[in-house]
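Each remark here refers to the structure printed beneath this line.
The values are calculated or read from the model by the stated rules, or taken from the named source; none is laboratory data. This one's a predicted model, so the numbers in the text were calculated from it and none came from an experiment. As a convention, Cβ positions derive from the backbone with ideal geometry for all residues, glycine included, and neighbour counts pool all protein chains shown. Only protein heavy atoms, including side chains, enter the accessible area calculation; ligands, DNA and RNA are left aside. Shrake-Rupley method; radii C 1.70, N 1.55, O 1.52, S 1.80 Å.
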Amino acid sequence: MNNCSCRPNCIGIAVLASIVIGIIAGFLTVSGMLTVSTPFLWALFAVAVIGLGVILTLSVLSGARALRCICNAISLLLTGILGTLLTAVILLVIDIATASIAGAIITGLLFLFFTLLITTAACLVRCIADCDND
């Protein structure tokens, strides 16, 4: 579990993919081709809360020494989780027309953070499984 040989290329690709998907989602939202419904926002909120619980549980069960080498991935994963939570709450609580510029920006950020959550979780699993050495 103490894997210090993970290369940062997976995390770089995750960040790049998240930015691209966030920009595309923002443009699709402002053009009216992408609409985000309330159940979808609740589903993303639930995924982020469950992810936060899983990360908390894993960090408590494994020692701090085992997680030292993957702190960058965990920090990025937490950024994705907290960003998804924040943007989902903003879109749920504040009545923003999603076709507006502000709504499109927040929707783009929502997709950016959710993509970051998913891709960084995949990188973290790959790193823990020691697949970078193959």
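For the condition surrounded by 16 or more Cβ atoms within 10 Å (Cβ to Cβ), modelled with pLDDT of 85 or more and not aromatic (F, W, Y), what is the one hit in I128, I118?
Numbers: I128 fails: modelled with pLDDT of 85 or more.
Being surrounded by 16 or more Cβ atoms within 10 Å (Cβ to Cβ), modelled with pLDDT of 85 or more and not aromatic (F, W, Y) holds for just one of I128, I118, which is I118.
Taken over the stretch 17-47, residues that are surrounded by 17 or more Cβ atoms within 10 Å (Cβ to Cβ) and either within 16 Å of the chain's Cα centre (by Cα) or in a helix (DSSP H, G or I) (or both) amount to 11. If you go through the stretch 48-73 and pick out every residue that is open to solvent by less than 60 Å² (accessible area, probe 1.4 Å) and either farther than 25 Å from L16 by Cβ or at pLDDT 85 or above (or both), you end up with 7.
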